[in-house]
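Report on one structure; see the data block that follows.
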Amino acid sequence: MQQPVFSSKSEHTCWSTSEVEFDPALSSSHWEPSNFHRVARRVIHRNNLLLLGSLQHIDEVDEVECSSRNVAIAKRRCGGGSVYCDPERFLWVDFIISSTDTLWSDDVAKAALWVGEVWRKVLIQFGLDEATVFTGKSSRDYFSKKLCYAGIGAGEVTLGGRKIVGISQRRTRDFAIFSTGMLIDYDSKSHCEMMKLSMEDREMALSRLARNSVSLYELSDCTGQLSKPGPIRDFSRLQDHTGQLSKPGPIRDFSRLQDQLWKELVRVLHLT
């Protein structure tokens, strides 16, 4: 895949970007970076994937249900709760920096703030002017440990207090990986059904996810306008930077939108 590299005077002010394909059959150690100096990689996954956090166990997952839905199960080395990754409806981007980078922070609570700021700038370019980087205390409870978008952590991006970009991180002496995911659309019901939850807990989890998370698709209706008051005034901007669409409406081409978001993110990184 194409790997454009931004040239700059300093190794700490240039970013290398790439697109890599995720293979759930490979061990998580396969994803260890060989280059620590400002790498952004868009992770492509061809099939539906249930991605577990580093502290989660396979016995938290209903493997039979996942198999019946043809959803692969994999584990990442970053922390946090599980993420349901639909190839077209979930944009996955990893950021990697070295421990000598000026973006590095020894304070774990502040380490991901710059990542959230990058995503905030991207969303603003698509009309989401109210995108906000969360800077408060991370929430950690039963549901957020199981489901990433049931909780909120420092650096993650919200709209109206609901998370749209999640972040998990892994740190070593040499580098940090910030694994991020944007909800373009989110089937929270299917996600909960693939986890081993009691009926009561499942209903509570769905309620929590509805309250704490939001996707781009959720913000639109069939007219191309917001179904309720909010930051996006013209949802078509999320499909075409010029706003020139043959018909107004909600997101119709998820893959195209992912490409546009990634392209804008690369542009923002170039200015970081």
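The values are calculated or read from the model by the stated rules, or taken from the named source; none is laboratory data. As the structure is a prediction and not an experimental result, all values here were calculated from the model. Positions of Cβ are generated from backbone atoms using ideal geometry, with glycine treated the same way; all protein chains shown enter the neighbour counts.
Please find, among E19, E60, the residue that is charged (D, E, K, R) and at pLDDT below 95.
Result: E19 is the single residue among E19, E60 that is charged (D, E, K, R) and at pLDDT below 95.
From V93, V108, V83, V64, grab the single residue that is touching a residue at least 60 places away in the same chain (Cβ under 8 Å), among the β-branched types (V, I, T) and within 17 Å of K196 (Cα to Cα).
Matching residue, one of V93, V108, V83, V64: V83.
Using the structure shown, decide if R77 is modelled with pLDDT under 90 and either under 19 Å from L261 (Cβ atoms) or in contact with a helix residue (DSSP H, G or I) (Cβ under 7 Å, 6 or more places away or on another chain) (or both).
Criteria met by R77.
Out of all the residues in the range 36-55, is one or more among the hydroxyl-bearing types (S, T, Y) and touching an Asp or Glu at 6+ places or on another chain (Cβ under 9 Å)?
No, because not a single residue in the range 36-55 is among the hydroxyl-bearing types (S, T, Y) and touching an Asp or Glu at 6+ places or on another chain (Cβ under 9 Å).
List pairs: first in the range 126-149 and touching a residue at least 60 places away in the same chain (Cβ under 8 Å) and surrounded by 16 or more Cβ atoms within 10 Å (Cβ to Cβ), second in a loop (DSSP other than H, G, I, E, B) and of a type in the set (F, W, Y), Cβ under 9 Å, 6+ apart or cross-chain?
Cβ pairs passing all conditions: Y149/Y186.
Could you please find all residues in the range 236-272 being modelled with pLDDT of 85 or more and outside any helix (DSSP H, G or I)?
L271
Report every pair of residues separated by at least 6 positions or lying on different chains whose Cβ atoms are under 8 Å apart, first residue within the range 174-197 and more than 24 Å from R120 (Cβ to Cβ) and modelled with pLDDT under 95, second surrounded by fewer than 24 Cβ atoms within 10 Å (Cβ to Cβ) and hydrophobic (A, V, I, L, M, F, W, C).
Qualifying pairs under 8 Å: D174/F36.
Here's a check for you: in the range 28-76, which residue that is part of a loop (DSSP other than H, G, I, E, B) and under 16 Å from the mean Cα position of the chain (by Cα) is nearest to R173 (Cα to Cα)?
Of everything passing the filter in the range 28-76, R76 is nearest to R173 (Cα to Cα).
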